[in-house]
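The values are calculated or read from the model by the stated rules, or taken from the named source; none is laboratory data. What you see is a predicted model, and the numbers here were worked out from it, not measured in a lab. Ideal geometry is used to build each Cβ from the backbone, glycine not excepted, and the neighbour counts take in all protein chains shown. Please note that ligands, DNA and RNA were not included when accessible areas were found on the heavy atoms of the full protein model with its side chains. Shrake-Rupley method; radii C 1.70, N 1.55, O 1.52, S 1.80 Å.
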Amino acid sequence: MQALQTATDITFKNILCLTDFSEASEAALAYGLGIAKHFGAQLYPAHACNPEIVAEATTADVFEKILENSRQRLEKLALDNKITGQILFSHGPVENVFPGWVEQHGIDLVVVGTHGRRGLQRLLLGSTAEFIFRNATCPVLTVGPHVAVRPYNGFIAENILFPTDLGGHAEFAASYAISFAHESRGRLTLMHVVPLETAYQRDRRELIAAAVSKLGKMVPSSAGLWREPEVVVEVGDPALEVQGYAAKERPDLIVLGLPRRKEFSAHFRTGVTYKLVCSAPCPVLTVRDMTAE
């Protein structure tokens, strides 16, 4: 079941929270719990145990002990946090079971955490982050290593940053940012960065004026926001400019849009999305536009 949408109303009903029992996963769980509480959603704690990665010479007995220990840890995690949603446990790579979990339980939000200095390269098991970004049809909330705040009593985003390249997928993702701002009566900033190479080739003032106009049109008059959205246009490296703005303004949530057929190449780790998720001081919600053909 996809997120319920109107001009300004989006909610989540079924949230999948992936864990590998690390500190990073604990941070993600805090947000999963907070969002589930706020929206009255069902939270599904999930873990895919893959003993083969521990050692090539793992015996059958050790193999079974690893599986049972992981299952018990997941059950304890759910019990300690009073999670009533079904526990999702599987043996094998998470890539094999993730699509089925999403489909079977109508998942409309996935919550994951990233590990320390290595960022998304160590999300869950190896390349899991890249797999999730490539295949998740629902929004993904990523809690990076620089996120310090924990939403113990529900999650409300009162300062939302929406950076966009103004592609065709921007409007769909913007609806999520607008919804969060409307619900919290909070601050919404729409941001675009004109790449330097583009600014060198065309009139800079015209580019900035065009971007300001497009950003302003993204918020419909029916949005009913309590505060006038702020529009920011910069010229420079998109990742660095957004990173700098986020470090200064300290948003509660960053919303990023992805096109439906977005594919991540071998250069994924050098891309804007990757850099923002790894460096952001707050969770990053990536939204894929599934309405486009």
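For the pairs 76/275; 65/275; 13/76; 214/275, note any where the Cα-Cα span goes beyond 27 Å.
Pairs exceeding the cut-off: 76/275; 65/275.
About the Cα centre of the stretch 178-289, what is the dipole size in debye to 20, counting +1 per Lys and Arg Cβ and -1 per Asp and Glu Cβ, all else neutral?
220
Which distance in nm do the two modelled labels at residue 148 and residue 84 give, with both placed 7 Å along the Cα-to-Cβ direction?
A separation of 3.6 nm, rounded to one decimal place.
Leaving ligands and nucleic acids out of the surface, order 235, 143 by accessible area at 1.4 Å, largest first.
Solvent-accessible surface, decreasing: 235, 143.
Count charges around residue 46 for me, please; just the other residues with Cβ under 14 Å from its Cβ, Lys/Arg as +1, Asp/Glu as -1.
In short, -2.
So for the pair residue 64, residue 205, with labels modelled 7 Å out along Cα→Cβ, what separation do we get in nm?
Modelled inter-label distance: 7.8 nm.
How much accessible surface area, in Å² rounded to 10, belongs to the heavy atoms of residue 21 with a 1.4 Å probe?
40
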